[in-house]
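To start, the structure itself, in structure tokens.
The values are calculated or read from the model by the stated rules, or taken from the named source; none is laboratory data. In this text, all values refer to a predicted model and were calculated from it rather than measured experimentally. So basically every Cβ, Gly included, is an ideal-geometry build from the backbone, and we count neighbours across all protein chains shown. In case anyone asks, the SASA skips ligands and DNA or RNA and just uses the protein heavy atoms, side chains included. Shrake-Rupley method; radii C 1.70, N 1.55, O 1.52, S 1.80 Å.
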Amino acid sequence: MNYILFDGTVRNALLPFTFTRPVADIRVGILTIREKWEKYLGSTTTTLTEEYLSAKFPMVEMEENVMINASFLPNDVLVEMVNSLEKNQAVFQGDEVIAFYTNDTQEEVNFDTYEILEFNEECIKIEYTWDIFQKNDAALREDFELITEGRTSQSIPKSVNVISPENIFIEEGATLEFVTLNASTGPIYIGKNAEIMEGSVIRGPFALCEDAVVKLATKVYGATTVGPHCRIGGEVNNSVLFGFSNKGHDGFLGNSVLGEWCNIGADSNNSNLKNNYEEVRLWSYETEGFAKTGLQFCGLMMGDHSKCGINTMFNTGTVVGVSANIFGSGFPRNFVPSFSWGGASGFTTYITKKAFEVAKVVMSRRHIDFMEEDAKILEHVFEITKKYRKE
């Protein structure tokens with residue numbers, strides 16, 4: 001069977017992260033949503049997403065296909081239902097479609113003609129940006145079981161101060177000495193060739209993905225995910241870094257999500273709790289206003305390729321778009337549009353030519369090319385976010 005992951009109704013609620021990727025490529029837990037589905041299905045997947053993303057994330061359609069709503073994370077019951085789908089069958093949860101069978105001769109899908117199979121079990125669904133860190137605990141625990149089942153961890157070095165070693169899994173090539181790992185509060189996963197430097201103290205649930213680094217004397221509270229090739233330092237609490245991003249120095253990052261190729265300057269901090277302890281409101285691209293989150297703790301949402309200078313201070317519930325560059329004293333406003341350059345004293349437009357020059361240098365340091373398709377995606381994001389910038 002050919003499996004295609006589609007964005008569903010939540011795509012706009014997950015901006016700015018879905019400006020540059022399909023919903024399927026959001027990381028929550030240890031794996032991206034796509035990686036989770038592919039592990040469960042034992043099959044590769046392709047993507048139905050926005051047209052401007054389709055060159056980088058193409059869809060491959062075959063004679064028989066199953067379309068899967070990428071906002072739903074897989075589990076055993078759901079995957080069994082998806083694998084059992086036949087012609088003119090669809091899986092729904094309430095009014096929302098989770099998966100349906102289609103073939104290449106269908107010009108349109110009319111669910112009135114389908115047999116509807118109700119999925120009444122619990123599963124994790126990513127509907128809002130804050131779900132990425134808020135549901136990271138549950139997703140990380142599920143991924144840990146999925147990845148480690150039937151496998152044997154590398155030995156924990158003797159110099160490591162460890163609590164609940166049975167909840168720790170270390171992949172081949174990982175290095176860690178003279179650190180403290182407390183897995184009594186949740187599992188700790190250390191990926192291939194990852195490194196935890198001396199003096200670091202980590203409380204699970206925690207995932208350090210392939211080639212990622214925890215720098216000297218870092219303090220980490222779960223549930224935190226450090227994606228592939230990321231660097232963290234200072235103090236990190238209940239945050240998710242997708243991949244290739246750095247928060248390498250002292251300073252606090254809490255209840256936050258960083259996309260790819262972000263950089264947090266030394267001694268930068270975000271607030272994750274309002275002084276009056278009220279519910280945090282977060283910028284919504286859907287309503288173009290500030291939406292209730294239902295959360296008392298909510299920090300920074302930063303889109304791909306955005307960066308901040310040293311000593312930057314972010315207010316509670318700040319949303320930063322794609323390719324923004326923030327610096328200077330004071331608190332910048334709590335919605336920074338994509339391709340903004342400046343800080344509390346004001347912003348100008350960060351033109352694409354300069355942004356692309358930086359992206360090329362940053363990516364080349366990790367031996368990755370900034371491709372023409374990447375430039376086209378960012379150019380499109382620049383155009384569709386113009387209305388948020390004061391030109």
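Per-residue answers, yes or no, for (1) of a type outside the set (Val, Ile, Thr); (2) over 21 Å from the mean Cα position of the chain (by Cα); (3) exposed (fewer than 14 other Cβ atoms within 10 Å of the Cβ); (4) farther than 22 Å from residue 251 by Cα:
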residue: 295; (1), (2), (3), (4): yes, no, no, yes
residue: 303; (1), (2), (3), (4): yes, no, no, no
residue: 335; (1), (2), (3), (4): yes, no, no, no
residue: 351; (1), (2), (3), (4): no, yes, yes, yes
residue: 381; (1), (2), (3), (4): no, no, no, yes
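So, residue 128, is that one touching a residue at least 60 places away in the same chain (Cβ under 8 Å) and either aromatic (Phe, Trp, Tyr) or under 30 Å from residue 281 (Cβ atoms) (or both) or not? Break it down into steps so the answer makes sense when it comes.
Numbers: touching a residue at least 60 places away in the same chain (Cβ under 8 Å): yes; either aromatic (Phe, Trp, Tyr) or under 30 Å from residue 281 (Cβ atoms) (or both): yes.
Judged against the criteria, residue 128 is a match.
Does residue 163 fit the bill of being in contact with a Ser or Thr (Cβ under 7 Å, 6 or more places away or on another chain) and at pLDDT 95 or above?
On the way: in contact with a Ser or Thr (Cβ under 7 Å, 6 or more places away or on another chain): yes; at pLDDT 95 or above: yes.
Considered against the rule, which asks whether it is in contact with a Ser or Thr (Cβ under 7 Å, 6 or more places away or on another chain) and at pLDDT 95 or above, residue 163 comes out as yes.
Among the residues of segment 29-52, those that are out of contact with any helix residue (DSSP H, G or I) (no Cβ under 6 Å at 6 or more places or on another chain), buried (at least 18 other Cβ atoms within 10 Å of the Cβ) and either touching a residue at least 60 places away in the same chain (Cβ under 8 Å) or in a loop (DSSP other than H, G, I, E, B) (or both) comprise 36, 49. Taking the listed residues 201, 213, the one that is surrounded by 18 or more Cβ atoms within 10 Å (Cβ to Cβ), modelled with pLDDT of 95 or more and hydrophobic (A, V, I, L, M, F, W, C) is 213, with no other qualifying. Out of curiosity, is residue 370 assigned to a loop (DSSP other than H, G, I, E, B) and surrounded by 14 or more Cβ atoms within 10 Å (Cβ to Cβ)? Yes, satisfied. All conditions in (1) touching an Asp or Glu at 6+ places or on another chain (Cβ under 7 Å); (2) closer than 21 Å to residue 316 by Cβ hold for residue 298, with the sole exception of (1).
If you take the residues in segment 102-123 that are in a strand (DSSP E or B) and open to solvent by 80 Å² or more (accessible area, probe 1.4 Å), which one is farthest from residue 69 (Cα to Cα)?
Ranking the candidates gives 115 first.
Just one of (1) of a type in the set (Gly, Ala, Ser); (2) open to solvent by 70 Å² or more (accessible area, probe 1.4 Å); (3) under 18 Å from the mean Cα position of the chain (by Cα) fails for residue 155. It is (3).
Quickly run through segment 165-199 and pick out the residues that are of a type in the set (S, T, N, Q) and in contact (Cβ under 8 Å) with a residue 24 or more places away in the chain. If you could, list the steps in order and put the result at the bottom.
The first filter runs over segment 165-199 and keeps only residues of a type in the set (S, T, N, Q), leaving 167, 175, 180, 182, 184-185, 193.
The answer is 167, 185.
Could you check segment 221-232 and list, in sequence order, the residues that are within 13 Å of residue 263 (Cα to Cα) and crowded, with 24+ Cβ neighbours inside 10 Å?
Kept after step one, since they are within 13 Å of residue 263 (Cα to Cα), are these residues of segment 221-232: 229-232.
The answer is 230, 232.
Looking across 55, 99, 70, one residue alone is over 30 Å from residue 318 (Cα atoms) and surrounded by 21 or more Cβ atoms within 10 Å (Cβ to Cβ). It is 99. In summary, residue 140 fulfils each of the numbered conditions (1) closer than 20 Å to residue 9 by Cβ; (2) open to solvent by less than 60 Å² (accessible area, probe 1.4 Å) with the single exception of condition (1). Looking across segment 253-290, the residues that are buried (at least 22 other Cβ atoms within 10 Å of the Cβ) and touching a His at 6+ places or on another chain (Cβ under 9 Å) come down to 259, 260, 261, 262, 264, 268.
Within segment 309-330, the residues that satisfy the criterion of being closer than 21 Å to residue 133 by Cβ and open to solvent by 10 Å² or more (accessible area, probe 1.4 Å) are 313, 315, 316.
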